[in-house]
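Notes for the one structure printed next.
The values are calculated or read from the model by the stated rules, or taken from the named source; none is laboratory data. Here the structure is a predicted model, which is why all the values come from computation and not from measurement. Note that each Cβ is placed from the backbone with ideal geometry, even for glycine, and that neighbours are counted across all protein chains shown. Remember, those area values only see protein heavy atoms, side chains included, never the ligands or the DNA or RNA. Shrake-Rupley method; radii C 1.70, N 1.55, O 1.52, S 1.80 Å.
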Amino acid sequence: MDKGFSFQKILLAFFAFIGFLLALRVLYAGHLNYLFLAWNIFLAWVPFFISSLFHKAHNRSRRLQFFIFCCWLAFFPNALYIVTDLIHLEHESNVPKWFDAILLFSSSVVGLMMAFVSLYRVEKFLYRHFSRKLVTLIIILILFLGSFGVYLGRFLRWNSWDIISNPFEL
């Protein structure tokens, strides 16, 4: 692959496109209703960033690696969660539905891209420590936990940071 066309450049192009669409929406609609997408994209970026630390931590202590993995796992559902923002298409607005659809689908795509790249990085990390069969089971468990985390966020309105700020109620 051409180094000039890296995944980071694709992400930056998506971020710029979504930022442009958000700015247009605010100007057209006259309100800030969809700015939550910027926050949700940031939250989707967090596990993507954390997963980049696995490469740097592979020669470090197992405790540090486990801590990085736990942090990644806590934030991983955020990257998947952004797809549920499509629910906002059903709300009435003075903005055309096609515009909101492009904005929400673009945000969902970028969230899923970061989710699956980070999951791939985690899978590569796990292969260094476990057998192929065990890694497959762990990945299935991660996907289940990620889906459950999306449920907790969308329907029960919990956040990743509630693990620290409110662990007993969670």
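Screening I41 with (1) more than 22 Å from the chain's Cα centre (by Cα); (2) surrounded by 15 or more Cβ atoms within 10 Å (Cβ to Cβ) gives one miss only, at (1). Summed over the range 18-38, the residues that are part of a helix (DSSP H, G or I) and surrounded by fewer than 20 Cβ atoms within 10 Å (Cβ to Cβ) give a count of 14. In the range 143-163, of all residues being among the polar types (S, T, N, Q) and under 16 Å from V83 (Cα atoms), the one that is modelled with the highest pLDDT corresponds to S147. Evaluation of A57 against the conditions (1) open to solvent by less than 70 Å² (accessible area, probe 1.4 Å); (2) more than 22 Å from the chain's Cα centre (by Cα); (3) free of Cβ contacts under 8 Å to residues at least 12 places away in the same chain shows that the sole unmet condition is (2). Taken over the range 88-131, the criterion of being closer than 17 Å to I68 by Cα, basic (K, R) and out of contact with any helix residue (DSSP H, G or I) (no Cβ under 6 Å at 6 or more places or on another chain) is satisfied by K124, R128. Condition test on L11, is it in contact (Cβ under 8 Å) with a residue 12 or more places away in the chain, over 15 Å from the mean Cα position of the chain (by Cα), closer than 30 Å to I139 by Cα and surrounded by 12 or more Cβ atoms within 10 Å (Cβ to Cβ)? Taking the combined requirement at face value, the residue does not satisfy it.
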